[in-house]
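The block underneath contains the structure these notes are about, expressed in C-alpha cells.
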Amino acid sequence: MLNVEAIRKDFPFLKEGRVYLDSTASSLTPDPVIQRMIEYYHDYRANVGRGIYRASQRATDEFEAARERIARFIGAGRDELILLRNSTEALNLIANGVQFKRGDRVVLTIQEHHSNFVIWQRAKERFGLDLRIVNSDRQGFFNLSDFEAAIDGKTRLVSIAHVSNVLGVRLPVKEVAKLAHEQGSLVAVDGAQSVPHTRVDVGDLGCDFFAFSGHKMCGPTGAGGLFIRGDLQERVAPLCVGGGTIEDVGIDYYRLRRGPYKYEAGTPAIAESIGLGAAADYLSSIGMQNISDHEHALTRRMMDRLPEVPGLNIYGPPNAGDRAGIFSFNVQGMNSHDVALALDSAAGIMVRSGHHCALPLMKELLGVAEGSVRASVYLYNTLSEVDLFVDTLSEIAKTIA
Amino acid sequence: MNSIFEAYSKFPRADCGYCGNPSCITALRRYCSGEMPLDKCLFFRTGAFDPGLIHYPAARDSPSKPGISYINPCPSDAKMVTVEVSLASGMHAKHGYYDMISLDRIFGRFIPSLKVSPSLGIARIEHDGRAIMAFKEGRMLIRRALGEEDAFMQLSRAMRQLWAAVN
C-alpha cells in the first residue's frame, strides 16, 4: 500500500487549492529529486568526462551512476541507455539513425503521439519509406491480424506507443514485437506513458528501441532516455556528432566512440540526468506495483463516477481494468478549453485540453478535431481529488454547458 | 462545494415574505451581508429547516493585479488570439456571489448565449465563434478573438454587459 499523504509532502507544488490532474503532459517533481540537482550545483558543478580535478571526477561518477540507475529502472544494461532530452529526441534519433532504404516499410498505429508520427512522415519524404498505419476500434483496441497484415518481409521497423496518451489504452506491444521479429523487422516502443506508471522491462517486452521522458516520471524537464539494444548500436548512427562522441579525430577523418557516448554530443544535461536518476530511485523506493495499484484504485473511482456527469462523452475503454489513469472526454455543448478554464477557476483543477499532440487519432478515430479534455492521475493524487473533480465537472455540465 | 448557490438550496425557497423580504434570494443576500439574522425566517425558527447546514463562503481577493495578464495565440488555432485581463474588482466585490444569481435569473436574459453558474462563479458568452468567460474574482478571458484589437473590443463589450447587469 502506498501512503499518499506522506508522498504528497514530497511535492512542493502541491499546495492548498491546487489539484494537479495533468501528469500525462508532465508530472510534478518531488523534493528528493530537486535536492539532488541543487547538490550538483552547490557541491560539484563541473563538466563530465573532461576534467581531471576532483569536482569533475565526481560529476562524471554521479552522471554515470544516474545512467546505471535509469537503465536498471527499465531493465536495460548501462551501455544500452542513452541520455537525451526526452522521448521526442529519442524517437528522432531512431528515425534518422537507422539506415533506411527506399521502399522500406515502417508500421505505426493511429494512436501515436505526433512525436512518433511526424518523424515518420518526414522520413517518408526523405527516404521514400512505405508508411503503414494500423487502425484500432473507437475504444482503442487493436486486432492483431491487422498488424499481421501490415508487417511484411519488407518491414524495416515497427514503431508503436506502449500506452496511448489520449485513450489510456495499453497497446499489445509484446505480441506486436513477436510478429515484427518473425518478419525480421526492428521494434521501437514509445514508452513515454508507460515507464512512469508500471514496471517496464525492455527485455521482457522484446523491443529493440525504447524511448521515454524523464519529466513524466517525477524527473526534471530536459532529461530522458533511449534504450538501444547493445548489438544494434553498430548499425544506428547518432543524431548529432561533436564533442564527447569521438574516439579520435584527424584532419580528414573521425572515429566515433562505442556505447552510449557516441549518441551524446556536447555537454549533456548533467544536473537533469542526475535528477532523473534520483527520480528512478524515488519511484523504486515507493514501488512500481504500489504506484500502479494506487492509480488503478483512482481509475476505478473515476470510471464509476464519471457517468454521473450529464452529457459526458468519454473516450477509450469503458472498463477501468483496461486503461491507465488517463481520461479523455468532452462535455456536450462546450469546447474543451472552456471546460479546462472552468475547472481551473472553480476548484483549482489543472487538466489538459485540445488535441493532445495526437491529431490523427482525434480526427480519424474519434472525429473530434476540435479536441477533448484530458484528466490524468499519478501517485500523488487522492480519491477525494477525483471526487472533487467529478463534482465540479457535474456542476459545470449542469450550469454552463 | 461550499457556495452561495448551495446555501441557497438549503433555504426554504418558499418566498413567503414573513421575514420581511420579498424573496428567499433577498433574504439570503441580507443574511450574507449580516443584515438579517436567520431566526427571522419562520421555517428556520420552527425547525422545519436546519440553518446549521448553511456556511457562507468568504469572498476571495482578486488573485492578480488589475491589467492584462497575457496576450497569446490560441492553443487551438495560432492565427487567433487569447487574452486574459484582471479587473479591479470582481463580481463579488459588493454583494458576494449573489450577483451571479441575479445575473443568471434576472438580467442575463438580455444577453444572448449567456450561461451563468452562480455555484462556480463563472459566466460564459459565445459571440460569433469567440468564447468569453468571466470569473467571479474579476478575471475575464477571451478565446478565438480575430486579433488583439478584436479581443479588447469584445472584452469591453462583455464587461459592459455583465457589470451593468450585476452592479
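The values are calculated or read from the model by the stated rules, or taken from the named source; none is laboratory data. Predicted, not measured: the structure shown is a model, and the values here were computed from it. All Cβ positions, even for glycine, are placed from backbone atoms using ideal geometry, and neighbour counts span all protein chains on display.
Remarks
- Residue within the range A:327-338 that is out of contact with any Cys (no Cβ under 7 Å at 6 or more places or on another chain), more than 14 Å from chain B (Cβ to nearest Cβ), among the polar types (S, T, N, Q) and not in a strand (DSSP E or B) present: no
- Residue selected from the range A:245-271 under the condition part of a loop (DSSP other than H, G, I, E, B) and among the small types (G, A, S), by the criterion nearest to A:T60 (Cα to Cα): A:A269
- Complete set of residues in the range B:116-134 that are without any contact (Cβ under 8 Å) to a residue 12 or more places away in the chain and more than 7 Å from every other protein chain (Cβ to nearest Cβ): B:D128
- Qualifying residue in the range A:343-366 (condition: without any contact (Cβ under 8 Å) to a residue 24 or more places away in the chain and more than 14 Å from chain B (Cβ to nearest Cβ)): no
- Near pairs, Cβ below 8 angstrom, 6+ apart or cross-chain, from the range B:135-154 (on the phi < 0 side of the Ramachandran plot and within 14 Å of another protein chain (Cβ to nearest Cβ)) to any residue that is surrounded by fewer than 20 Cβ atoms within 10 Å (Cβ to Cβ) and of a type in the set (D, E): B:E137/B:D61
- Qualifying residue in the range A:115-129 (condition: surrounded by fewer than 21 Cβ atoms within 10 Å (Cβ to Cβ), in the same structural domain as A:F210 (by TED's automatic domain parsing) and within 16 Å of A:E364 (Cα to Cα)): yes
- Residues (among the aliphatic types (A, V, I, L, M) and either within 30 Å of B:D128 (Cα to Cα) or modelled with pLDDT under 75 (or both)) located in the range B:41-85: B:A48, B:L53, B:I54, B:A58, B:A59, B:I68, B:I71, B:A78, B:M80, B:V81, B:V83, B:V85
- Some residue of the range A:122-138 being farther than 23 Å from A:C357 by Cβ, touching a strand residue (DSSP E or B) at 6+ places or on another chain (Cβ under 7 Å) and not hydroxyl-bearing (S, T, Y): yes
- Search result, residues across the range A:310-326 that are outside any loop (DSSP other than H, G, I, E, B) and either within 14 Å of chain B (Cβ to nearest Cβ) or surrounded by fewer than 22 Cβ atoms within 10 Å (Cβ to Cβ) (or both): A:L312, A:N313, A:I314, A:A320, A:G321, A:D322
- From A:Y44, A:Y20, A:Y53, residue being more than 30 Å from A:D208 (Cβ to Cβ), touching a helix residue (DSSP H, G or I) at 6+ places or on another chain (Cβ under 6 Å) and either crowded, with 16+ Cβ neighbours inside 10 Å or assigned by TED's automatic domain parsing to the domain that holds A:A280 (or both): A:Y44
- Scanning the range A:368-399 for residues that are among the small types (G, A, S), more than 12 Å from chain B (Cβ to nearest Cβ) and over 14 Å from A:A340 (Cα atoms) yields one hit, A:S384.
- Among residues of the range A:59-86 that are under 15 Å from A:G219 (Cβ atoms), those with a beta-carbon under 7 Å from a residue that is of a type in the set (S, T, N, Q) and surrounded by fewer than 23 Cβ atoms within 10 Å (Cβ to Cβ) at least six positions away or on a different chain give the pairs A:F73/A:S284.
- Hits in the range A:186-213 (condition: more than 8 Å from the chain's Cα centre (by Cα) and hydrophobic (A, V, I, L, M, F, W, C)): A:L186, A:V187, A:A188, A:V189, A:V200, A:V202, A:L205, A:C207, A:F209, A:F210
- Restricted to the range A:89-192, the set of strands (runs of 3 or more DSSP E) holding at least 1 residues that are of a type in the set (D, E, K, R) and either closer than 27 Å to A:S26 by Cα or touching a helix residue (DSSP H, G or I) at 6+ places or on another chain (Cβ under 9 Å) (or both) comprises A:105-109, A:130-134, A:186-190.
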